[in-house]
Each structure stands twice: as C-alpha cells, then as structure tokens.
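Contents: one structure, followed by commentary.
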Amino acid sequence: MPDRLLRFRRPAVTVPESGRSRHLDEPPLVRAALIGAALLFLGLFLVLPLVTVFVEAFAKGLGTYAAALSDPMARAAIRLTLVTAAIVVPVNLVFGVAAAWSVAKFDYRGRHLLTTLIDLPFSVSPVVSGLLFVLLFGANAALGRWLADHDLKVIFALPGIVLATAFVTAPFVARELIPLMRAQGSDEELAALTLGASGWQMFRRISLPKMKWGLLFGVVLCNARAMGEFGAVSVVSGHIRGETTTMPLHVEILYNEYQLAAAFAVASLLTLLAVVTLVVKAVVEWRTHE
Amino acid sequence: MRARPRRRGPLPGFGLSIGVTLAYLGLMVMIPLSTLVLGSTRLGLAEFWSAVSAPRALASYRLSIGAALLAALVNLGMGLLVAWVLERYRFPGRRLIDGLVDLPFALPTAVAGIALTTIYSSGGVIGRFLEPAGIKVAYTPLGVVVALTFVGLPFVVRTVQPVLRDLPAELEEAAASLGASRLQIVRRVLIPELLPAALTGFVLAFARGLGEYGSVIFIAGNMPMRSEITPLLIMIKLEQYDTGGATAIALVFLLASFAMLFALNRLAARREAHAVGA
Amino acid sequence: MPMLRSLLRPAAALAAAAALAVPALAAGRTMLNVSYDPTRELYQDVNSVFARQWKEKTGEDLEIRQSHGGSGKQARSVIDGLEADVVTLALAFDVDAIARAGQIAKDWQKRLPDNSAPYTSTMVFLVRKGNPKKLRDWNDLARPGVTVITPNPKTSGAARWNYLAAWGWALRQPGGSEASAKELLRGIFKNVPILDTGARASTVTFVERGIGDVLLAWENEALLVVKDLKPGEYEIVVPSVSILAEPTVAVVDKVVAKRRTRELAETYLRFLYTPEGQEIAARHYYRPRQAEVAAKYASVFPKVTLISIDEVFGGWDKANAAHFADGGTFDQIFGVGR
C-alpha cells in the first residue's frame with residue numbers, strides 16, 4: 001500500500017525503470033531465478049523459524065497455550081522481564097542521546113575511540129558480559145563481599161539482571177542516532193542559536209523532533225533486546241523460579257521439563273514482540289520517507 | 001555542510017553530553033571490563049598462556065571463527081542477492097519481506113535456537129529430508145553455521161541496500177552505452193561500488209557470530225574439540241570452578257572483537273572523510 | 001519532547017506497578033533450595049508437603065523457591081553468592097567445592113545420616129522400545145554404529161556418575177585395567193554426538209528430538225520417562241554393574257546464619273529422612289534409605305550390583321583429579337591431554 005502511494009505520487013520513478021534499455025535489465029528468466037533464490041533463502045531462514053514457533057506453541061491446543069501463559073511462574077517471568085525493560089530502556093535512552101550528541105555533533109581527538117567504546121558491548125559475547133558482573137559482584141570479589149556484608153544483593157537478583165541487560169543493550173539507541181545526526185548536520189541548530197534560542201530550547205524544539213524517528217526505532221530495538229537477552233542474563237540470574245527467571249530463561253526451563261508446547265507458548269510472546277518491533281520499524285521508515 | 005566544524009564546533013552541550021557518556025561508559029562498561037583484565041593478571045603469564053592455548057581452547061576458537069566466517073560468507077553472497085532483488089525488482093510481497101529481514105535483530109536468540117533445532121533435528125520439517133541424504137545439521141558444526149547465518153542475516157542486506165538505492169543510474173547507462181554486456185556491468189561496475197558496504201556488513205555479521213551464544217547452544221552438539229564454541233567453553237570453565245581459565249579465554253576473545261570493531265570504525269571514518277572530500 | 005514524554009510515561013507507570021507487585025510475591029517466610037537437574041518434580045512435591053506441615057506446626061506461611069541446573073553450575077552460583085539456604089546436589093564433590101569456598105562447614109557430610117544422602121540412585125540405560133540395538137552392558141555402548149547420549153562430565157553430575165560406572169565395570173572384567181577402562185570410555189565417547197551441559201537437556205535430546213539409541217540416565221530420570229512421560233515407548237536396560245550414586249544435601253551455613261533460617265533449613269533436610277519424605281522420594285523413583293519404605297517400593301527398582309565411589313576410586317577428590325580435571329582421562333580420550 002505505501003509502495004503504491006509512493007509510485008502514484010512520483011511517477012517519475014517508475015518511468016525510467018520500465019523504459020530502461022535491455023542492457024540494464026536481466027532477462028526475465030534470470031530475474032525470476034534470482035527472486036526465487038532470494039525468496040527460498042529467506043523462506044528457509046526467516047519465515048520457517050517464525051512459523052515453527054507458532055505451530056509448536058499451538059500444537060497441543062489453545063487450552064495448553066492459555067495455561068502456559070497464565071501459570072504463576074510464567075506470569076512472574078513476564079513481570080520480571082517488563083520491570084527489567086522498564087528500568088533499562090529509559091536509562092539507555094538518555095545515555096544513547098548523550099552519547100550520539102557527543103560523538104556526532106563535535107570533532108575532537110579520540111572521537112573514533114569513543115565511538116568504538118560505545119559500540120563495544122555489542123561485540124562482547126553475551127556470556128562474557130554476564131561473567132563481567134559475576135567477577136565484579138560475586139561473593140569472591142572485594143566489592144561483592146562488601147555488598148554481602150551490607151546485605152545488598154546484586155547478582156542473582158534484580159539489580160544484576162538489570163545491569164547485565166543494560167550493558168548488553170547500551171549501544172542500541174546511540175547506534176541508530178549517530179549516523180542520522182551526522183547525515184542531518186547542524187545547520188538548523190546553528191540557525192536557532194543565532195536567533196537567540198538557549199541550548200535547551202534548541203535541543204527540544206529542533207534536535208529532538210529531527211531525531212525522533214531514529215530515536216523511536218533505537219528505543220524499540222533496545223527494548224526488544226532487553227526483553228530477549230538470554231546469555232548474559234543466564235549467567236547472573238541464579239535461575240530461581242518465579243523470582244529471577246526472565247522470559248527467555250523461562251523458555252529454557254520449560255524446554256527442559258518436557259513442556260515443549262509451553263516453552264513455545266512463552267517463546268511466541270517474545271516472537272510477537274519481535275514482530276511488533278518490525279512493524280514499528282516499517283512505520284518509522286515510511287514516516288521518514290514522507 | 002562543506003565547512004566541517006573546526007575543533008569541537010559551535011554547538012552547546014559538549015560538556016554535558018560527553019560527561020554523561022563517559023560517566024555511563026565508565027561505570028557500566030569500563031569498570032566491568034577492567035575486572036576482566038585484572039582477573040586474568042592474577043593468573044600469571046604461564047598459566048594464562050596454558051589456559052588460552054590449550055588444545056580444547058584452540059579447537060573452540062577454530063570452530064567459533066570458522067563457523068562465524070562461513071556464516072558471514074553465506075550472508076555476504078545471499079545478502080547481496082537479497083538486497084539486489086529487494087531494490088531492483090518489483091514482486092508481490094516485497095515490502096513484507098523487506099520488513100522481515102530485520103527479524104534476527106528482534107527475535108530473542110534463545111527462541112531462534114529452539115526453533116532452528118526443531119526444524120533441523122532429524123524429525124523436523126527440514127531435517128526429515130536432509131537426514132536420508134546423509135546431511136546432518138542439528139548437533140554438528142553445520143548447525144552452528146546455520147544458527148550464525150540466521151543471526152547475521154540482516155547485516156549485509158542492510159548495509160548494501162542504501163548504496164544500491166543511491167547508485168546513480170548514469171553509471172550503468174554509461175557502461176551500457178560503451179557496449180558492456182550486462183554481466184560485465186555487474187562485474188566491473190556494480191560489484192566494486194557495492195563491495196565496501198558489503199564488507200562492512202560482512203565484518204559486522206562476523207563479529208556478531210563470534211560472540212553468539214543463545215541460539216547456538218541449542219543446535220550445536222557441544223562436543224569438546226568438535227562442536228564446542230568459545231562462549232560455551234567459557235561457561236563450562238566457569239562451571240568447573242576454573243574462573244581464571246574462563247577469564248583468560250574471555251579476555252583474548254574480547255580483545256579480538258575490540259580490534260575488529262576499531263578497525264571497522266576507522267574504515268568507516270576514512271570512507272566518510274573520502275565522501276566529504278569528493 | 002511530547003514524544004519523549006509519551007515514551008517515558010508508560011515506562012515509569014509500568015516500573016511503579018511492577019515494583020509494587022514484586023514484594024507481594026515475597027509475603028511470609030522464604031527459603032531457597034538450589035538443586036541439580038532432574039529433581040524438579042521431586043522437590044515440587046517435597047516443598048508443598050513440607051510447607052503445609054510447617055504451617056500447621058508454626059503457623060508461618062512458607063514459600064520454598066527452587067533453582068535447577070547442572071550440578072556444577074549450581075554449586076558455582078552458590079559460591080558466587082546465590083543465597084541458597086540448602087543445597088541438594090548430584091554429588092558430594094560439588095558440595096565440597098562450596099565448603100572449600102568457606103560457605104559450608106568442612107564436616108558437612110557427617111552432620112546428617114547416610115553420608116548426607118537421604119536417597120540414592122544409580123545409572124541405567126534408557127533404550128527405545130524393543131531395544132533394537134540389543135544393548136545389554138557397558139561394552140555394547142562402544143560398538144560401532146551405536147549412538148549414545150550422555151551429558152558433559154565436566155558440568156553434569158549424572159555424566160560423572162555414569163562415566164565412573166563404566167570405568168568401574170571395565171576394571172572388574174577379566175584382565176581389566178586402567179588402560180582397558182580408558183579404551184572402553186574412548187569407544188563410548190566416539191559414539192556420542194551431543195554433550196549437553198545438564199542431565200535434563202540430554203533427556204530432551206533423546207526423548208523429544210529422537211536422537212540416539214541409548215541415553216545414559218539417572219535411574220529416577222529413566223523411570224520417569226518410562227512410567228510417566230512416554231509409557232510404552234522406551235525400555236530400561238540395567239547393566240551388570242553400576243554405581244551407587246549418592247546425591248547429597250547440606251545446609252549452607254553462611255547463608256542460614258545471615259538469614260536466620262538454620263532451624264527451618266535443618267528441619268527441611270531432616271524431613272527428607274522421615275517416612276513421609278522417603279515416600280515422596282520413592283514415588284519420584286529415588287531409592288529410599290529407610291528399610292520399610294524401601295521394602296514397600298522394592299518392585300520398582302531393579303536389582304543391580306552397585307560399586308561405590310569410595311571403594312573403587314578412593315573418594316571424589318581423587319576421582320575428580322584423575323578423570324575430570326583439566327588433563328584427566330576425559331580430556332585424554334578427546335585428545336586434549338598434555
């Protein structure tokens with residue numbers, strides 16, 4: 001639908017395409033073969049797993065599905081996942097905007113190093129990310145001992161899960177914003193300043209609206225990862241049922257209890273979240289093209 | 001936009017934004033990472049070396065790097081194809097498929113892991129047909145490649161697509177008017193134009209594949225020396241009360257990823273500078 | 001800005017609601033039992049019966065939380081600060097590791113009867129209906145063309161027990177020696193395509209994924225599959241010799257001192273030794289210690305010659321150093337040895 005709209009509004013785009021010389025187009029057979037190959041690949045690797053989750057989730061009927069999701073353990077896992085995301089996402093939102101601003105709007109020595117540092121958690125294996133916090137807050141570390149003496153729990157409790165999740169998802173907002181900000185440049189901001197706006201006024205009236213779609217997508221991606229993180233959380237969780245198991249960990253537990261349908265039922269919630277993420281992204285892209 | 005801001009540039013907020021950034025990075029990233037470095041210095045050089053160069057560790061690097069490389073290569077080829085098909089051809093469902101490409105970014109890795117295992121194990125939708133043909137995917141190194149291909153799928157597609165979209169039509173037309181065949185145009189004109197972006201996607205997919213854990217442990221056989229990835233080895237070392245060994249291997253792995261990422265950012269920066277200069 | 005606000009507001013509301021909801025879960029007294037992989041169903045039962053008794057006796061509401069995973073991994077979590085009031089692990093070695101870290105008194109195994117193992121089990125073969133590969137004893141597992149499923153001895157208690165059972169069997173054969181035992185294990189592991197980190201994951205691989213001809217399993221796990229999960233699809237084969245597996249339990253001294261739960265934790269573990277606790281264990285296919293309960297459930301458990309780890313291997317410390325530590329026989333048969 002948006003595709004057709006686009007064409008309708010700008011017929012110029014389609015004309016040269018249909019009027020292209022034969023040299024600039026593949027023969028129909030090659031074209032079909034290429035499309036076929038691409039679709040086959042995507043079908044095998046993307047569509048099939050997606051379908052499998054839902055097929056397996058409903059394999060034992062709606063009753064099992066509903067029971068799996070209303071189980072107290074499942075509800076506790078869903079709650080923990082929501083709480084974690086509700087803490088992590090706003091924090092990383094603020095960090096992401098600040099980080100993108102500091103890297104994209106200024107030039108100075110060490111800017112590339114800083115960009116790499118911002119990206120770093122993205123390349124750290126999730127397992128290692130979890131390990132970091134065990135090394136820092138574990139009962140055998142100095143800090144961990146001090147915390148234990150003061151009866152503060154970090155790992156194997158909510159704070160540890162939040163920290164590990166925040167670490168893993170830290171770069172998402174900044175990654176979306178940096179290229180956007182650099183591409184957009186600072187001319188409007190400079191104009192606003194010349195007209196006498198204060199720094200905050202400029203940021204609120206000019207910069208935020210300019211970056212809002214990129215920001216939204218960054219937040220959505222950050223949220224999806226925060227809710228879905230497995231490796232890092234698995235290391236710091238302690239797997240206490242109904243207390244420190246997030247949804248992905250609950251999926252693993254069910255999977256190991258011969259409750260395959262229930263495991264896939266919880267997985268299907270996470271998959272729905274992924275689908276919503278994709279829809280938001282499509283809307284964002286469409287709005288930016290407008 | 002021609003005049004790049006000199007030094008820092010005239011915009012406000014440098015102090016605040018970099019303050020927040022450095023404070024957060026310091027607390028959340030640098031302090032935890034420094035414990036990794038400190039933790040491994042406690043080991044002593046000989047112990048450190050024997051932990052990171054043990055045959056089992058070496059085998060796991062080989063698998064992790066090999067499988068990530070192979071998956072990234074598959075994604076390089078298929079990513080170029082998919083980007084091409086999505087940008088150049090019109091067919092029903094194109095927008096939907098375009099949107100679906102990002103699925104691996106959004107889908108939790110554990111969910112991907114159990115779904116892929118279900119599909120490729122011997123009773124699964126695809127495994128059922130591969131098994132009689134003598135091809136085993138689930139619980140073999142090939143399974144690792146499949147999982148990593150899934151995880152890294154969007155990278156090349158998403159880096160190549162914008163370049164392909166912005167490619168001036170004149171380029172191809174000029175080549176055609178000079179008598180080049182379609183195949184020559186693809187080889188001599190298109191591929192060189194797309195290659196830098198594709199390589200960026202390739203490196204990103206590779207880096208992601210190296211560290212991946214959640215989706216792999218379900219589908220890999222996890223056999224030492226054969227289908228045990230490095231992140232799993234780190235986990236197992238931990239569970240064997242060998243924190244030192246786990247720390248050492250984790251550090252080596254981390255430095256490798258960091259170096260790769262830094263090189264990539266430099267490459268991107270150079271290209272950006274190029275583009276501005278042109 | 002309105003956009004930002006509209007993003008933040010529901011998030012904040014959610015956080016507030018959730019923060020209010022979480023403590024509601026924790027009403028009354030709580031206790032954490034950190035256990036190994038296949039005991040999930042056992043302790044679900046034990047916990048609900050015990051909590052009811054405790055309520056009758058003291059009037060307190062008690063919520064017992066469970067955490068399950070590979071035995072080694074669970075012990076590691078406790079060492080790193082997971083606040084378990086009690087641990088109920090697959091083998092004494094893992095409890096020893098916690099004791100070495102100073103969280104449990106060194107003499108823990110003497111504090112409760114029967115080596116602190118309220119129930120025992122052993123290792124058996126779970127095969128598909130009709131035993132199509134005709135697997136009878138340990139040496140059959142090394143035959144070419146047989147696929148064996150077992151978890152990873154580096155991380156799983158079950159895997160360590162069955163590794164040692166096979167080793168012990170080989171030693172007892174005519175002309176048996178360390179070398180022949182190693183040869184047998186090398187042959188068996190040549191037939192193993194997947195090493196999961198915990199016993200449960202291996203059972204899922206064998207039962208749900210349909211991989212392998214035989215699963216080396218806890219007897220309780222095998223009986224659970226045969227009697228409850230998939231009746232009629234699998235059979236149990238009892239090897240001529242197996243090992244007496246003693247899953248051990250202990251109060252984590254450091255934690256109960258801090259949380260003031262010593263009395264509760266000790267009563268909980270002693271409950272496992274009462275006739276009622278023993279009944280529950282037997283119902284979940286763990287071999288009870290108490291003679292009367294054992295007699296009542298005798299028909300459930302096949303007769304098998306059991307060797308003990310102390311007799312054959314000189315205790316867990318020695319067995320671990322020789323076989324499972326880095327460079328031990330397990331590493332050697334994978335060509336990792338130095």
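The values are calculated or read from the model by the stated rules, or taken from the named source; none is laboratory data. Please read these numbers as outputs of a predicted model, since none were measured by experiment. Cβ sites come from the backbone with ideal geometry, for glycine too, and all protein chains shown count toward neighbours. Protein only, heavy atoms only, side chains kept; ligands, DNA and RNA dropped before computing areas. Shrake-Rupley method; radii C 1.70, N 1.55, O 1.52, S 1.80 Å.
Points worth noting:
- Long-range HN-HN contacts of B:Glu228 with modeled amide H, under 5 Å: B:Met223
- C:Glu63 long-range amide H proximity, modeled H, under 5 Å: C:Arg29, C:Thr30, C:Met31
- Normalised per residue, the volume of the convex hull around the Cα set of the range A:62-289 (Å³): 152
- For chain B, the C-alpha radius of gyration sits at 1.21 times the compact-globule guess of 2.2 N^0.38 Å, with N the residue count.
- Semi-axes of the equivalent ellipsoid of the range B:156-258 are 46, 13, 10 Å, computed as sqrt(5λ) over the eigenvalues of the C-alpha gyration tensor in descending order.
- Number of partner chain Cβ atoms within 10 Å, mean per residue of C:92-100: 1
- Whole-Hz couplings from phi, Karplus 6.51/-1.76/1.60, listed for the range C:107-122; x for Gly and Pro: 8, 3, 6, 8, 6, 10, x, 6, 6, 6, 10, x, 9, 10, 7, 8
- Along each principal axis, taking the top coordinate minus the bottom one, the Cα set of the protein assembly as shown gives 91, 60, 59 Å in descending order.
- Oblate is the label for the range B:1-113. Its Cα gyration tensor axes, ordered a ≥ b ≥ c, give a/c of at least 1.5 and b/c at or above a/b.
- Inter-probe distance in nm under a simple model that places probes 7 Å from Cα toward Cβ, at B:Trp49 and C:Ala295: 6.7
- Computed [θ] at 222 nm, helices only, for the protein assembly as shown once each DSSP H run of length n ≥ 4 contributes -39500 (n - 2.57): -20000 deg cm²/dmol
- In order along the range B:84-100, the phi-based Karplus estimate (6.51 cos²θ - 1.76 cosθ + 1.60, θ = phi - 60°) of 3J(HN,Hα) comes to 4, 4, 5, 7, 9, 10, 10, 8, x, x, 4, 4, 4, 5, 4, x, 6 Hz; Gly and Pro are listed as x.
- Label-reachable residues, the range C:125-169, where backbone N falls under 11 Å from a point 7 Å from C:Glu235's Cα toward its Cβ: C:127-136
- When only the Cβ of Lys, Arg, Asp and Glu is charged (+1, +1, -1, -1), the dipole of the range C:103-201 relative to its Cα centre reaches about 240 debye.
- Spatially close lysines, pair count over chain A: Cα under 24 Å, gap of eight or more or interchain: 4
- Peptide B:213-219 is shielded by partner chain Cβ atoms: per residue, an average of 6 of them sit within 10 Å of its Cβ.
- For a straight C-alpha distance cut-off of 16 angstrom, the aspartates and glutamates reachable from C:Lys254 (same-chain residues fewer than eight places away being disregarded) are A:Asp149, A:Asp151, C:Asp80, C:Glu83, C:Asp85, C:Asp96, C:Asp107, C:Glu263, C:Glu266.
- Kyte-Doolittle mean at least 1.0, axial Cα span of 27 Å or more - DSSP H helices of chain A: A:72-104, A:260-289
- Whether chain C is rounded, prolate or oblate, judged on the alpha carbon gyration tensor where a/c under 1.5 counts as rounded: prolate
- Sorting B:Phe14, A:Phe230, B:Phe129 by accessible area puts them as B:Phe129, B:Phe14, A:Phe230; the probe is 1.4 Å, largest comes first, and only protein heavy atoms count.
- FRET efficiency estimate (nearest 0.05) - Cβ-Cβ, B:Leu22 to C:Asp107, R0 60 angstrom: 0.70
- Converting phi to 3J(HN,Hα) with the Karplus coefficients 6.51, -1.76 and 1.60 and the offset θ = phi - 60°, the range A:202-207 yields 4, 4, 6, 7, 10, 5 Hz in sequence order, with x at every glycine or proline.
- Cα shape, the range A:158-208, gyration tensor, a/c 1.5 rule: oblate
- Total charge dipole magnitude, chain B, about the Cα centre, Cβ charges on Lys, Arg, Asp, Glu only, Debye to nearest 20: 660
- Average Cα contact separation per residue, chain B, under 8 Å, 6 or more apart, as relative contact order %: 29
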